[in-house]
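Student: Supplied in structure tokens, the structure appears directly below.
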């Protein structure tokens with residue numbers, strides 16, 4: 001019986017991983033899935049995490065817990081983003097080691113890479129340039145998480161791995177009107193505009209930045225694929241100081257193209273206006289997925305299919321996002 005603690009099971013990524021593992025459990029796989037809500041376990045509390053790990057003694061940990069948000073949230077709450085993420089990562093990774101956890105998977109973000117770098121972005125581009133200012137505190141915390149995993153592996157011989165996804169989207173995302181990422185934000189904005197008959201939707205920035213969008217269910221499948229790779233295969237495709245693996249689709253589109261696709265899916269017939277006074281963020285973030293493809297994994301969900309699925313979920317659950 002594998003006892004797996006999923007930290008952050010109510011979040012977008014953690015929830016997708018929980019759904020995937022629950023389905024495998026229901027199919028007869030011998031898994032014991034352990035979860036805790038924030039009210040039950042504050043991951044920024046070192047003593048609480050220590051006590052939990054010592055009592056629960058999981059064999060494996062999926063570290064998907066994090067404070068996340070879009071440009072507005074990152075820009076207005078930089079101290080919260082760096083502090084909470086550093087505390088969560090440090091506590092969970094260190095106490096997992098102290099409790100004898102056999103394997104750990106750390107979920108990162110593509111914002112760890114320099115704002116301006118070669119495209120597509122290879123794993124070895126980490127720490128080779130200046131980060132995007134709007135989310136630098138969050139990115140620094142995620143870089144620290146990668147280096148924590150690498151350092152524990154080097155010093156203590158643990159098997160702590162890290163994956164870096166491209167921009168994620170899908171059911172159970174955060175559709176808050178101010179604090180969401182671009183994808184759910186546009187889904188909500190265009191749907192509400194279509195329903196109310198608005199003539200115009202305003203999109204932040206110039207519309208020219210390019211983004212790579214990965215469905216969260218694909219991310220969950222990729223995460224467990226990497227987590228469960230035989231050690232010899234994983235080691236052959238990584239290095240002690242370069243152990244994280246990119247996860248993405250290998251293709252990207254502009255924000256303007258995404259807005260057009262979402263407008264069509266929602267039935268919005270009005271004008272799309274770009275507010276060039278607002279920040280664009282990083283010009284392009286296309287992940288090089290050569291390593292992952294070489295090991296045998298590729299994304300399965302086409303973007304147009306994912307947009308329709310996400311929109312349908314939002315429409316069915318939109319009362320939960322009224323604010």
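The values are calculated or read from the model by the stated rules, or taken from the named source; none is laboratory data. Since this is a predicted model, take the numbers as computed values, not measurements. Cβ placement follows ideal geometry from the backbone for every residue including glycine, while neighbour counts extend to all protein chains displayed.
Student: Any residue in the range 307-323 that is at pLDDT 95 or above, surrounded by 16 or more Cβ atoms within 10 Å (Cβ to Cβ) and assigned to a loop (DSSP other than H, G, I, E, B)?
Tutor: no
Student: When you go through (1) closer than 29 Å to residue 111 by Cβ; (2) in contact with a helix residue (DSSP H, G or I) (Cβ under 9 Å, 6 or more places away or on another chain); (3) touching a residue at least 40 places away in the same chain (Cβ under 8 Å) one by one for residue 98, which number turns out not to apply?
Tutor: (1)
Student: So residue 256 fits all but one of (1) touching a residue at least 60 places away in the same chain (Cβ under 8 Å); (2) within 24 Å of residue 171 (Cα to Cα); (3) in a helix (DSSP H, G or I); what number is the exception?
Tutor: Going through (1) touching a residue at least 60 places away in the same chain (Cβ under 8 Å); (2) within 24 Å of residue 171 (Cα to Cα); (3) in a helix (DSSP H, G or I) one by one, residue 256 breaks only (1).
Student: Is it the case that the range 47-62 has a residue that's surrounded by 18 or more Cβ atoms within 10 Å (Cβ to Cβ) and within 18 Å of the chain's Cα centre (by Cα)?
Tutor: yes
Student: Sticking with this structure for a sec: Does residue 212 satisfy the criteria of being surrounded by fewer than 19 Cβ atoms within 10 Å (Cβ to Cβ), over 13 Å from residue 311 (Cα atoms) and touching a strand residue (DSSP E or B) at 6+ places or on another chain (Cβ under 9 Å)?
Tutor: Criteria not met by residue 212.
Student: Okay, next question. Kindly indicate whether any position in the range 24-43 is over 25 Å from residue 226 (Cα atoms) and assigned to a helix (DSSP H, G or I).
Tutor: No, there is no match, as no residue in the range 24-43 is over 25 Å from residue 226 (Cα atoms) and assigned to a helix (DSSP H, G or I).
Student: Go through 62, 6, 88 for me and flag whichever is in contact with a helix residue (DSSP H, G or I) (Cβ under 9 Å, 6 or more places away or on another chain), at pLDDT 95 or above and assigned to a helix (DSSP H, G or I). If you could, list the steps in order and put the result at the bottom.
Tutor: Details: 62 fails: assigned to a helix (DSSP H, G or I); 6 fails: assigned to a helix (DSSP H, G or I).
Matching residue, one of 62, 6, 88: 88.
Student: Further, regarding this structure: In the range 270-281, is there at least one residue being in a loop (DSSP other than H, G, I, E, B), in contact with a helix residue (DSSP H, G or I) (Cβ under 8 Å, 6 or more places away or on another chain), modelled with pLDDT of 95 or more and more than 25 Å from residue 135 (Cβ to Cβ)?
Tutor: yes
Student: Give me a count of the residues in the range 112-124 that are over 17 Å from residue 63 (Cβ atoms), touching a helix residue (DSSP H, G or I) at 6+ places or on another chain (Cβ under 9 Å) and not in a loop (DSSP other than H, G, I, E, B). Full working, then the answer.
Tutor: As a first pass, look at the range 112-124 and keep what is over 17 Å from residue 63 (Cβ atoms): 113-124.
Cutting the leftovers down to touching a helix residue (DSSP H, G or I) at 6+ places or on another chain (Cβ under 9 Å) gives us 113-115, 117-118, 120-123.
Then keep just the ones that are not in a loop (DSSP other than H, G, I, E, B); that gives 121, 123.
Total meeting the criteria: 2.
Student: Under 6 Å by Cβ, and 6 or more places apart or on different chains, what pairs join a residue from the range 293-314 that is on the phi > 0 side of the Ramachandran plot with one that is modelled with pLDDT of 95 or more and in a loop (DSSP other than H, G, I, E, B)?
Tutor: Close Cβ pairs satisfying both conditions: none exist.
Student: If you don't mind, another one. Given the residues 202, 163, which is the only one that is surrounded by fewer than 16 Cβ atoms within 10 Å (Cβ to Cβ) and in a strand (DSSP E or B)?
Tutor: Numbers: 163 fails: surrounded by fewer than 16 Cβ atoms within 10 Å (Cβ to Cβ).
Among 202, 163, only 202 is surrounded by fewer than 16 Cβ atoms within 10 Å (Cβ to Cβ) and in a strand (DSSP E or B).
Student: To continue, here is another question. Within the range 283-304, is even one residue over 30 Å from residue 116 (Cβ atoms), within 19 Å of the chain's Cα centre (by Cα) and in a helix (DSSP H, G or I)?
Tutor: No: the range 283-304 contains no residue that is over 30 Å from residue 116 (Cβ atoms), within 19 Å of the chain's Cα centre (by Cα) and in a helix (DSSP H, G or I).
Student: Give the residues of the range 269-282 that are exposed (fewer than 14 other Cβ atoms within 10 Å of the Cβ) and either at positive phi or in contact (Cβ under 8 Å) with a residue 40 or more places away in the chain (or both), sorted by residue number.
Tutor: 269, 271, 273, 275, 276
Student: Can you work out which of the residues in the range 222-253 that are without any contact (Cβ under 8 Å) to a residue 12 or more places away in the chain and either closer than 20 Å to residue 182 by Cβ or part of a helix (DSSP H, G or I) (or both) is nearest to the chain's Cα centre (by Cα)?
Tutor: Only one residue fits best here, namely 235.
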